[in-house]
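Data first, discussion second: the structure below is written as C-alpha cells.
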Amino acid sequence: TPCEHSFPTRRSSDLGASLFLIALLVLPPRSPPAALGLSSPLVTLTSTTTRLLTTLPITLQSLVAQSLPPSSINVFLPLDAAAPLVALNASSTLAPIFFHPLVIVHLVEDQGPATKLIPALERLLEEARNGDASALEERVVVVDDDHAYSPVLLSTLVEGFERLTSEREECRTG
C-alpha cells in the first residue's frame, strides 16, 4: 500500500480539550472590546446540507454571541444546497439563527475547502472595485461549521492582530 496513516483517537485529550473550552466559555474577556476600540471582523465559513440542521446552527449561535460582534457572518453553501435550503425553510425546520441580521447565506460554486474564503475575498474585491476602498482593509476570520466558539474568539483575534500591527509599526518607525 502506498502510504497508510493511522490517526490516534482523541479520547485521552478530550477531557483536557473540554476543560480548556469550558474555561474559555466561562472566563470574561480581559478588556471589553468596545473599550479597546476594536473593529468588527467579517466572519466566513462554508457548510453542507447535512449540517444545516446539526452543527451549523450551533456554530452560528456561538458567532452571533461574540463579545465583539462580527460585521457579518457569511455562510457559503454549494449551489446544490438551494433546494434543501428552500425545503427546510418551507417546513419551518430551518433554525431561527439563519434569519439573524448578521447571518448572510450565499449560494456559490463549490470550490471544496476554499469555498470558505475565496467567495468572501471575491466579494470584498468587487466592493473595492465599486469604490469602497475600506473593503481592502476588512479583517476576515475563517471558521469551521462544526464548532461552538468561545465568546471571546473574535475579540482575542482582533486584539492580538491590533497588538502585532502596533508593535510592527513601532519597530518600523523606531
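The values are calculated or read from the model by the stated rules, or taken from the named source; none is laboratory data. Nothing here was measured: the structure is a model prediction, and the numbers come from that model. We place every Cβ from the backbone using ideal geometry, glycine too, and count neighbours over all the protein chains shown. All accessible areas refer to the heavy atoms of the entire protein, side chains included, with ligands and DNA or RNA removed. Shrake-Rupley method; radii C 1.70, N 1.55, O 1.52, S 1.80 Å.
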Seminar exercise, completed: Taking Lys and Arg as +1 and Asp and Glu as -1, residues besides residue 45 with C-beta under 12 Å from its C-beta add up to -1
Exercise. What is the distance in Å between the Cα centres of region 112-174 and region 35-80?
Worked result: 14 Å
For this session: Just order 93-100, 42-49, 161-168 by mean Cβ neighbour count inside 10 Å, highest at the front, would you?
Result: 42-49, 93-100, 161-168
For this session: For region 51-174, with all protein chains present and a 1.4 Å probe, just round the carbon and sulfur fraction of the accessible area to a whole percent.
Result: 59 percent
Seminar exercise, completed: Taking 123-134, 104-115 and ranking on average Cβ neighbours within 10 Å, highest first, one gets 104-115, 123-134
